[in-house]
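Trainee: Take this structure, written in structure tokens, and hold onto it; I'll ask about it next.
The values are calculated or read from the model by the stated rules, or taken from the named source; none is laboratory data. Since this is a predicted model, take the numbers as computed values, not measurements. No Cβ is skipped: glycine too gets one built from the backbone with ideal geometry, and neighbour counts run over all protein chains shown. Surface accessibility is based on the protein's heavy atoms, side chains included, excluding ligands, DNA and RNA. Shrake-Rupley method; radii C 1.70, N 1.55, O 1.52, S 1.80 Å.
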Amino acid sequence: MSTAPTATGGDGPVPPPRSSVPDDAAVSPTIDGTAAPSPAADGSTAGAPAGLGWPAGVPVAEPAEPVVADVEPGRVRWDPAERRARASQSFWTAVVGVPAIFSVLRLGVEAGGELQTTLLLVANVGPVNLLAGFLTTAARLLSTGMIAVFALGAVLAVSADRLPPGTRRRPLFARWADITPAWVVLASFLLALITWPLLYLPLLLPAFVAAFQLRPGRLHERAVPRLLVIVALLAGYGWLVLPTLRDAVAQGGERLVLVLLVVPPLLALFIAGPLPGVVIRPLASVTEVAVLVTLVWAAVPVISTPVLPLTVTTVGPENGPTEDVRGHVVTTDDVNMAILQERGGVRYVPVDLVRAQVLCPSEEELPRHRLRIHDFHIEDSLLEGMGRRVRPVHRIDAACRTPA
């Protein structure tokens with residue numbers, strides 16, 4: 001009398017192994033590609049005698065459902081999730097890579113293109129100082145680029161959504177705007193709010209309306225209350241800038257100030273999309289090139305902005321003639337002070353000969369307008385204006401006005 005082989009373990013009998021190859025009694029696959037129910041599922045096991053059922057509580061492998069891809073012959077269909085992933089990678093690569101490239105280029109430009117001077121700056125300018133210098137000088141450029149992409153991308157996206165499906169590929173800025181979280185957009189506007197000069201802050205109004213598609217119809221469903229809300233908002237803005245407008249008219253020659261303070265709020269009422277379908281593709285191509293060219297043009301002064309502070313160091317013997325060395329202090333040790341001179345070259349000055357040192361502003365920091373908005377200078381940002389209230393501007397030393 002034969003008995004089915006059964007192994008025993010610490011937890012009881014172990015079921016016999018299932019055969020990896022079905023026997024002749026197995027049912028062939030169906031026409032749709034799915035396998036027929038396994039005999040194990042009906043209580044019997046292939047390769048085991050009849051009457052020996054599969055133990056209760058032991059899971060039985062079920063056949064996997066077939067994956068059928070509906071792909072047209074000769075045509076590659078891109079997954080929307082893959083497109084979003086590619087757009088996300090390109091966007092974050094630009095956000096992270098551009099600041100790093102700018103930081104390296106700034107050291108090369110400040111060194112005058114000389115290799116040894118560049119190596120000296122790299123060895124003594126730490127990454128924290130380089131990052132702080134970049135954020136204080138290039139934060140405006142970074143926020144400007146992001147806001148331009150979000151505003152244009154939102155307008156192009158809502159315009160492309162009105163087109164028939166599959167007629168046109170979505171523009172690059174529209175894809176970037178689609179995959180960017182709302183908090184990133186808000187953070188870019190907040191960064192611009194605290195770093196842009198007050199003169200250019202009105203430009204944020206139409207950009208914000210375009211980025212979030214805030215049409216006048218969303219203020220109120222009825223026309224009269226909607227008009228009252230718009231009038232109240234414009235009245236509040238007028239109260240804020242009206243004294244500055246009067247001063248600009250009185251001084252004369254401040255046409256740029258008048259345009260920047262008056263036109264953007266009116267433009268915000270009509271800038272939300274959608275646009276006609278015939279202008280979407282040409283506008284997308286033109287705006288992408290225009291934003292790139294504008295950022296490159298604006299990056300030139302950012303790259304050339306010094307990383308180190310500008311000083312005038314008085315050098316000379318104790319009872320002899322002195323000399324003013326104008327430049328940027330790179331490093332100081334017990335023997336020498338290395339100064340990157342403003343007109344090029346590195347000069348090592350013995351520490352014993354240093355008599356005085358004065359911190360000087362650069363030419364870009366000198367004001368060009370004599371206008372204020374409620375005690376804030378029009379060329380200062382909110383961050384700079386609050387800082388000047390804590391530390392008022394000191395009188396410029398006479399040594400700063402006389403270059404070496």
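Trainee: How large is the dipole of the range 157-221 about the Cα centre if only Lys and Arg carry +1 and Asp and Glu carry -1, each at its Cβ, rounded to the nearest 20 debye?
Mentor: 280
Trainee: I'd like the projected area of the range 214-341, averaged over all directions, using the convex hull of its alpha carbons. Report it in nm² with one decimal.
Mentor: Seen from a random direction, the Cα hull of the range 214-341 projects 16.6 nm² on average.
Trainee: Here's a follow-up. Quick one: putting +1 on the C-beta of Lys and Arg, -1 on the C-beta of Asp and Glu, what dipole do you get for the range 257-404 around its Cα centre, in Debye to the nearest 20?
Mentor: Dipole about the Cα centre, nearest 20: 560 debye.
Trainee: Between W183 and A85, what is 0.36 nm times their sequence separation minus the Cα-Cα distance? Round to one decimal in nm.
Mentor: 33.4 nm
Trainee: I've got another one for you. Probe radius 1.4 Å, ligands and nucleic acids left out: which of R388, R347, R255 has the largest accessible area, and how do the rest follow?
Mentor: R255, R388, R347
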